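Written below as structure tokens is the structure these notes are about.
The values are calculated or read from the model by the stated rules, or taken from the named source; none is laboratory data. Here the structure is a predicted model, which is why all the values come from computation and not from measurement. Positions of Cβ are generated from backbone atoms using ideal geometry, with glycine treated the same way; all protein chains shown enter the neighbour counts.
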Amino acid sequence: MTCCATTFCQNDSTRYVDCSSEKGGVNVLAVVDPRLVLDVLFASSIGFLLFSRVNEQRTLWLLRGWLFLVAMAWFVQRFANLPLTTKLVDALVMACSLSLAILWQGELRRLMELLGTGRLAVLLGNPQKEFSASAGTVNQITEAAGRLSQLRRGALIVVDLGSDLRPEDFLNPGIPIGAVLSRELMLNLFAADTPLHDGAVLVRGNRIESAGVILPLSRHSVSRFGTRHLAALGITERFDRCICIVVSEETGTLSLANQGKLERPITSSRLQELLKELFSTAESMPPARRTVGSAPSESLS
């Protein structure tokens, strides 16, 4: 074993990078700032998290451009003594940040909601609830929606596919029901002479969790849609693993909202096919991922 004049030693099994001794060696620990390494690691982790949560290609390009400007501003400020260039780059980053804040105001609001409620697992892409439903769930929902369509009763049926919806996710959480899902109960809840018919019904698995739920409206102003359709778009924009069935009170038309997109008009058989597909996908899908910057669009069948 050999030792230098300093406190670091060297033997056959361990090698310490030192040797700021009298031989003129350079101390690597003095050159590389540990705080700089931690800074780069944390920033890389945040960047990786952002990229992993974005699916839309155009949004990904915007995010890449913004992160490039932020990295360039950091590099110029830290390693270059260029005051004017630093000011210009900082101003450019600020302008781009404000633009992205306007474009992604819904996503940023959702981010603050998740942080405020401590639901970090959703941010990391790990749903807190697994979806499970019996074979009769699709039939019960389809039969109820079809009958409501025939009667022209306005209805909103929110189906939680694993988003772990909580009372604070709604404008009004409604009245807890906690009953087994059935067509007869659904028809009674949306009867015109009942106090809960104006709100939405929340279905999770094989149970009706609550009724009279007031949903947040879509952040995109779509004038040709009524309040029910805007509410269906609003809740599905915020949660990937959540769908909403809408029955129009004026025409009896059936619609299905999923991930901020509305498919209408659809028949009862088409609704049953979509529900079977979505339910089977939800039971086998990996952790949910939020699509940032996606705008609702209408698909006509």
Quiz item: Could you list, in sequence order, the residues of the stretch 237-248 that are at pLDDT below 90 and in contact with a Lys or Arg (Cβ under 8 Å, 6 or more places away or on another chain)?
Solution: 237, 238, 240
Self-check item: Residue that is surrounded by the most Cβ atoms within 10 Å (Cβ to Cβ) [pool: residues in the stretch 170-212 that are among the basic types (Lys, Arg) and under 28 Å from the mean Cα position of the chain (by Cα)]
Solution: 204
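From 210, 163, grab the single residue that is among the polar types (S, T, N, Q), within 22 Å of residue 275 (Cβ to Cβ) and part of a strand (DSSP E or B). Give the derivation first.
Numbers: 163 fails: part of a strand (DSSP E or B).
Step by step, each of 210, 163 is checked, and only 210 is among the polar types (S, T, N, Q), within 22 Å of residue 275 (Cβ to Cβ) and part of a strand (DSSP E or B).
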Self-check item: Residues within the stretch 237-286 that are in a helix (DSSP H, G or I), crowded, with 16+ Cβ neighbours inside 10 Å and charged (D, E, K, R), tallied
Solution: 2
Practice problem: Please determine, by comparing only the residues of the stretch 104-163 that are under 13 Å from the mean Cα position of the chain (by Cα) and surrounded by 19 or more Cβ atoms within 10 Å (Cβ to Cβ), which one is modelled with the lowest pLDDT. | Solution: 127
Quiz prompt | All helices (runs of 4 or more DSSP H) inside the stretch 3-84 with 1 or more residues being outside the structural domain of residue 97 (by TED's automatic domain parsing), modelled with pLDDT of 80 or more and of a type in the set (Gly, Ala, Ser) | solution = 34-52
Practice problem: Please work out if residue 177 is modelled with pLDDT of 85 or more and over 22 Å from residue 272 (Cβ atoms). | Solution: yes
